[in-house]
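Please read the structure below before turning to the comments.
The values are calculated or read from the model by the stated rules, or taken from the named source; none is laboratory data. Predicted model only: the values in this text are computed from it and were never measured. Because the Cβ atoms are built from the backbone with ideal geometry, glycine has one as well, and the counts that use them run over all protein chains shown.
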Amino acid sequence: MMHTTVGWHVEMEFTEDDQHTKAAAMVRLPDGSEVRAHGHASRHRTDANQPRVGEEIAGARALNELAMQLLTKAHEEIDQASGRTSHPIHV
């Protein structure tokens, strides 16, 4: 049986106008550190105004950047703990 020992909460905030959506993502880790990332989406002038779609695209891009930062952080911590250069972590 598995037990949950920690939980992460990701916060997302969006700002929008008629053409652009920006997303800001943040996760606070159990050690108190925070990792933040941003994403964006732009609507072509001939596309229908669908704010939810812009949020999904901008949010996905912010979460992707957040994931890459977490992988880099983990990779650096592996190197620091082991005293050597480890193999890159790929998605």
Self-check item: Output for region 1-38, where each listed residue is in contact with a Phe, Trp or Tyr (Cβ under 8 Å, 6 or more places away or on another chain) and among the basic types (Lys, Arg)
Solution: Lys22, Arg28
Self-check item: From Arg36, Arg84, Arg43, Arg52, residue being closer than 30 Å to Thr5 by Cβ and at pLDDT 90 or above
Solution: Arg36
Practice problem: Any residue in region 71-84 that's free of Cβ contacts under 8 Å to residues at least 60 places away in the same chain: show its pairings with residues that are exposed (fewer than 11 other Cβ atoms within 10 Å of the Cβ) at Cβ separation under 7 Å, as long as the two are six or more apart or on different chains. | Solution: Leu71/Val91; His75/Pro88; Asp79/Thr85
Quiz prompt | Members of region 51-70 that are touching a residue at least 24 places away in the same chain (Cβ under 8 Å), more than 8 Å from the chain's Cα centre (by Cα) and over 14 Å from Glu11 (Cα atoms) | solution = Pro51, Gly54, Ile57, Leu70
Quiz item: Tell me, which strands (runs of 3 or more DSSP E) wholly within region 1-89 include 3 or more residues that are among the aliphatic types (A, V, I, L, M) and surrounded by 10 or more Cβ atoms within 10 Å (Cβ to Cβ)?
Solution: 20-28, 34-42
